[in-house]
């Protein structure tokens, strides 16, 4: 199901033995646009500190009740590696975090979640207890390979958005897939260029993100974007609209058989 990320902010995160806190923001990686962590501000039970919760642990989300249920205990979260959300999350910290919970790493594989398009993970492994799981995992070493590319949705919201031939507005929201935990689209407010129009652009069509200039760019032209199918944020995003949007730009949808075959080929299937 496709949802606006705003629907997660403020949601209560519920562990198996009580509430953990409220979702403040989300961290995504700027390569695959996978949502890697919920940043949760805990209650007084651990001094209101902020903790990371991975989609690997999410059992279900309930938009109607504004809650996210995770297969974790309060004690697991209390003992998890600490994080300073005012500083970038390093790959070393992610490796430590993954080892603590016994999660597979998402980086280094051919798909969004390593070898899968979804954060599928054995619940039996999670429930086995983190100390036992950690003992069975190979060591990461002092320097896990690669750099972390995590960004905050709060920080990117409001970035300038540029077409191939000029600015068109600013990022006004994120649409994510709550099964794959992947950001599928950015919503762009074009009022500074084209009054009273919000457009939808796939993250696959992003050509460049300039973190120093706070700008996201695409190779699509302003005229093409202006002529694209009208998007109404008040209406739930359906596959029919996605099909129409991708067809307009001459692109194969991420759900298509063609794309599925390419993913399987990339995994060596």
request  = Report, by residue number, each residue of region 46-80 that is crowded, with 20+ Cβ neighbours inside 10 Å, closer than 21 Å to residue 5 by Cα and without any contact (Cβ under 8 Å) to a residue 60 or more places away in the chain.
outcome  = 51, 52, 53, 70
task = Tell me which residues, restricted to region 177-204, are under 18 Å from residue 106 (Cα atoms), assigned to a loop (DSSP other than H, G, I, E, B) and touching a helix residue (DSSP H, G or I) at 6+ places or on another chain (Cβ under 8 Å).
result = 181
Unique match (being assigned by TED's automatic domain parsing to the domain that holds residue 167, assigned to a loop (DSSP other than H, G, I, E, B), surrounded by fewer than 17 Cβ atoms within 10 Å (Cβ to Cβ) and modelled with pLDDT of 90 or more) among 232, 223 = 232
task = For residues that are within 14 Å of residue 221 (Cβ to Cβ) and in contact (Cβ under 8 Å) with a residue 60 or more places away in the chain, tally how many sit in region 163-207.
result = 1
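Take the residues in region 81-123 that are part of a loop (DSSP other than H, G, I, E, B) and touching a helix residue (DSSP H, G or I) at 6+ places or on another chain (Cβ under 6 Å); name whichever of them is surrounded by the fewest Cβ atoms within 10 Å (Cβ to Cβ).
Pass one, region 81-123, residues part of a loop (DSSP other than H, G, I, E, B): 81-90, 102-110, 112-113, 115-122.
Then drop every residue that is not touching a helix residue (DSSP H, G or I) at 6+ places or on another chain (Cβ under 6 Å), which leaves 81, 102-103, 105, 110, 119, 121.
On the way: 81: 15, 102: 21, 103: 21, 105: 18, 110: 13, 119: 23, 121: 19.
Ranking the candidates gives 110 first.
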key: region 44-66: number of residues that are at pLDDT 90 or above, assigned to a strand (DSSP E or B) and within 16 Å of residue 181 (Cα to Cα)   = 6
Search result, residues across region 67-80 that are within 21 Å of residue 105 (Cβ to Cβ) and assigned to a loop (DSSP other than H, G, I, E, B) = 71, 72, 79, 80
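The values are calculated or read from the model by the stated rules, or taken from the named source; none is laboratory data. Since the model is a prediction, treat every value here as computed from it, not as a measurement. Using ideal geometry, Cβ is built from the backbone for each residue, glycine included, and neighbour counts are taken over all protein chains shown.
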